[in-house]
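Undergrad: For reference, the structure I am asking about is given below.
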Amino acid sequence: MFTGIIEELGQVRERFPAGACERFVIGAMTVLSDVSLGASIAVNGACLTVIEWGPDWWAAEAVPETLRCTNLGALVVGDRVNLERPLAAAARLGGHIVLGHVDATIPLLGRRILDAMSPDTGTVELTFGLPASLAPFVVEKGSVAIDGISLTVASVGRDERGRHTFDIAVIPHTRQVTTLGVRNPGDFVNFEADYLAKVVGRLAAPYRDAFLGDGFIADSFPGDRDREGQQ
């Protein structure tokens, strides 16, 4: 289990086939301080297993399903990646519960500068597209993981094409210490919905039709419809 608080930016040094898998060699320092064989490290929010390491690098293999369901398949030598070790039992939960199991890759649709005085280093607002199947688990002021980063949802909505979207505000510190500082519209990021929201959704599923009708998953929550009626 992870928290979405990135510990360092690593760099892909090598990538090559290893049987049915792809082996990645990633340059790093901080996450290697207590590394052991078989340990887990999240790479852009995808949990990988340490199979080998040296003083400033470690290696992992990604199976075809991981390459298909995450943006790890698009990584090339030189790319920066977000790295995080699992949460220690006595540590603070600084972000939110992140399992390292990516739900989908989603597109970055827009990037808006919020700090006009510092366009290169100031706060920005990012807008992401979202599959309808995951929309019920993304709510205003809720948590999501983007490329392994724990972030707070600023707003949810739909674009001019009717697609589900959500916005997040990224402060200068987060831009500097994660890959969000170099993401541009058109990029695809790893998305993991809040685990607790998914559990509640699964438990409520047998009862949703009685209370909300068939639109619960595909459309919106009752609170969203109430707000729309007030506008």
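Read-outs: derived from the displayed coordinates by stated rules, not from any lab. All figures in this text were calculated on a predicted structure; none of them were measured in a lab. A quick note on method: Cβ atoms are made from the backbone with ideal geometry, for glycine too, and the neighbour counts reach across all protein chains shown.
Undergrad: What translational D, rounded to a whole number of µm²/s, comes out for region 104-212 from Stokes-Einstein when the hydrodynamic radius is the Kirkwood one over Cα pairs, at 20 °C and 1.002 mPa s?
TA: Value of D from the Cα-based Kirkwood radius: 146 µm²/s.
Undergrad: Enumerate the amide H contacts of residue 189 below 5 Å, restricted to partners 5 or more residues apart or on another chain; note that Pro and chain-start residues carry no placed amide H.
TA: Residues meeting the amide H criterion: 106, 108.
Undergrad: Using θ = phi - 60° and the Karplus form 6.51 cos²θ - 1.76 cosθ + 1.60, what ³J(HN,Hα) does each residue of region 34-43 get, whole Hz, x for Gly and Pro?
TA: Once θ is set to phi - 60°, the couplings for region 34-43 become 9, 5, 8, 4, x, 5, 9, 9, 7, 10 Hz.
Undergrad: Another question, then. What ³J(HN,Hα) values, in whole Hz, does the Karplus curve 6.51 cos²θ - 1.76 cosθ + 1.60 give for region 81-94 when θ = phi - 60°, with x put for Gly and Pro?
TA: Here the 3J(HN,Hα) series is 9, 7, 10, 8, 7, x, 5, 7, 4, 9, 7, 6, 8, x Hz.
Undergrad: Grab the other residues whose beta carbon is less than 10 angstrom from that of residue 6, score K and R as +1, D and E as -1, and report the net.
TA: Here the charged neighbours net out to -4.
Undergrad: Provide Rg over Rh for the chain; use the alpha carbon set for both Rg and the Kirkwood Rh (inverse mean inverse pair distance).
TA: Rounded to two decimals, Rg over Rh is 0.99.
Undergrad: Taking the Cβ of residue 192 as the center, what net charge do the other residues with Cβ under 14 Å away carry, scoring Lys and Arg +1 and Asp and Glu -1?
TA: -3
Undergrad: Moving on. Quick query: amide H of residue 8 versus all other amide H atoms, modeled in the peptide plane; which residues come in under 5 Å with a sequence gap of 5 or more or a different chain?
TA: 83
Undergrad: Please return the longest stretch of the chain lacking exposed loop sites, where trypsin sites (Lys or Arg not before Pro) count only if DSSP places them in a loop and at most 12 other Cβ atoms lie within 10 Å.
TA: Of all site-free stretches, the longest is 1-91.
Undergrad: Ok, one more. Fewest to most neighbouring Cβ within 10 Å: what's the order for 1, 117?
TA: 117, 1
Undergrad: Once you've got the GNM for the chain with C-alpha springs shorter than 10 Å, pick whichever of 174, 105, 121 has the biggest mean-square fluctuation.
TA: 121
Undergrad: Hey, for a label at residue 160 modelled as a point 7 Å past Cα toward Cβ, could you say which residues of region 86-126 have their backbone N under 17 Å away?
TA: 109-112
Undergrad: Near the amide H of residue 99, under 5 Å away, which other amide H atoms are found, from residues 5 or more places off or on another chain, if H is placed in the peptide plane?
TA: 2
Undergrad: Could you derive backbone 3J(HN,Hα) for region 121-126 from the dihedral phi with the Karplus parameters 6.51, -1.76 and 1.60 (θ = phi - 60°), listing whole Hz in sequence and x where the residue is Gly or Pro?
TA: So the Karplus estimates, Gly and Pro as x, are 10, x, 6, 10, 10, 10 Hz.
Undergrad: Where Lys and Arg each count +1 and Asp and Glu each count -1, what net charge lies around residue 25 among other residues with Cβ under 13 Å from its Cβ?
TA: After counting each charged neighbour, the total is -3.
Undergrad: Can you tell me the orientation of helix 195-212 relative to the chain, as the angle in degrees between its alpha-carbon axis and the longest Cα principal axis, to the nearest 10?
TA: 20 degrees
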